[in-house]
Amino acid sequence: MNKGLLLVISAPSGAGKGTIIKRLMDDDRSLKLSVSATTRSPRPGEVDGEDYFFLSREEFDDLVKNGEMLEHAEYVGNCYGTPKGPVESWLNDGLNVILEIDVQGGAQVKEIMPECVSIFILPPSMRELENRLRGRSTENDEVVNARLEAARQEVHHAEDYDYVVVNDTVDQAVEEIKTIIAAEKHRFIRVSSIVERVLIDA
Ligand code: ADP
Ligand code: 5GP
């Protein structure tokens, strides 16, 4: 069986990656979203084990020490990481997996799993990014300002990604990402077994 596709999706905070990924998952129930671990506090409505595994710093460090993280990074004062187990077993079962991670984590995954497909989502402008981040009302002013500062650095990393999608409207961004996924499934490296099967049938 072919392994599933590993999709790395990064974007500055507030660019809309959560919104886009939710739509992708609603439209394709076979897509799996990795649930990250974090030391940040839950936002109102966030559920432990669904949105994140909310951990203490000690619990987080233990996972890292025990080699249970695929990647991990510190972002604006909190730690975030991808538990390795579920991602590996989904990929081995041929399922397509999304990692919603920051640019530091994206670089680590590209290094250890170069076959991954990386997509960077850009806001239409930094002004619109600020409007979205403030409009979401999930962080106080200090945290919003720190995230905007981080965003200015993160945007420079768009060049490290395989694809860049501008989230002008959610509909258009979702369609563009679906097109990328469809094309990537047809790369020779992923479908080489089909060629062998055709020859056997001949
Ligand atoms: P991220 O996950 O990248 O931090 P979110 O998905 O939470 O971003 O989106 C940030 C805010 O912007 C949310 O309030 C969301 O509803 C809004 N948003 C997302 N995409 C768009 C868009 N294309 N146009 C307008 N608002 C958007
Ligand atoms: P938030 O606090 O808004 O949920 O996430 C802040 C940032 O951390 C976002 O850029 C998000 O993509 C990133 N992030 C979430 N989970 C992970 C993870 O497992 N690893 C890394 N490296 N970054 C993550």
### Task
Please work out if residue 180 is at negative phi, part of a helix (DSSP H, G or I) and under 15 Å from the mean Cα position of the chain (by Cα).
yes
### Query
Picking from 94, 85, which residue would you name as being modelled with pLDDT of 95 or more, loosely packed, with under 15 Cβ neighbours inside 10 Å and more than 16 Å from ligand 1 (Cβ to nearest atom)?
85
### Query
For the subset of segment 12-42 comprising residues that are out of contact with any Pro (no Cβ under 8 Å at 6 or more places or on another chain) and near ligand 2 (Cβ under 8 Å from one of its atoms), which member is farthest from residue 148 (Cα to Cα)?
38
### Query
Does residue 105 count as more than 16 Å from ligand 1 (Cβ to nearest atom) and either of a type outside the set (D, E, K, R) or at pLDDT below 95 (or both)?
no
### Query
In segment 36-65, which residues are assigned to a helix (DSSP H, G or I) and loosely packed, with under 12 Cβ neighbours inside 10 Å?
57, 58, 65
### Summary
Subset of segment 14-35, residues part of a loop (DSSP other than H, G, I, E, B), farther than 17 Å from residue 118 by Cα and within 15 Å of ligand 1 (Cβ to nearest atom), comes to 14, 35
### Query
Somewhere in segment 53-62, is a residue among the small types (Gly, Ala, Ser) and within 12 Å of ligand 1 (Cβ to nearest atom)?
no
### Query
For residue 175, are the conditions met, namely being at negative phi, surrounded by fewer than 17 Cβ atoms within 10 Å (Cβ to Cβ), at pLDDT 95 or above and part of a helix (DSSP H, G or I)?
yes
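The values are calculated or read from the model by the stated rules, or taken from the named source; none is laboratory data. What you are looking at is a predicted structure, and each value in this text was computed from that prediction instead of being measured. Note that each Cβ is placed from the backbone with ideal geometry, even for glycine, and that neighbours are counted across all protein chains shown.
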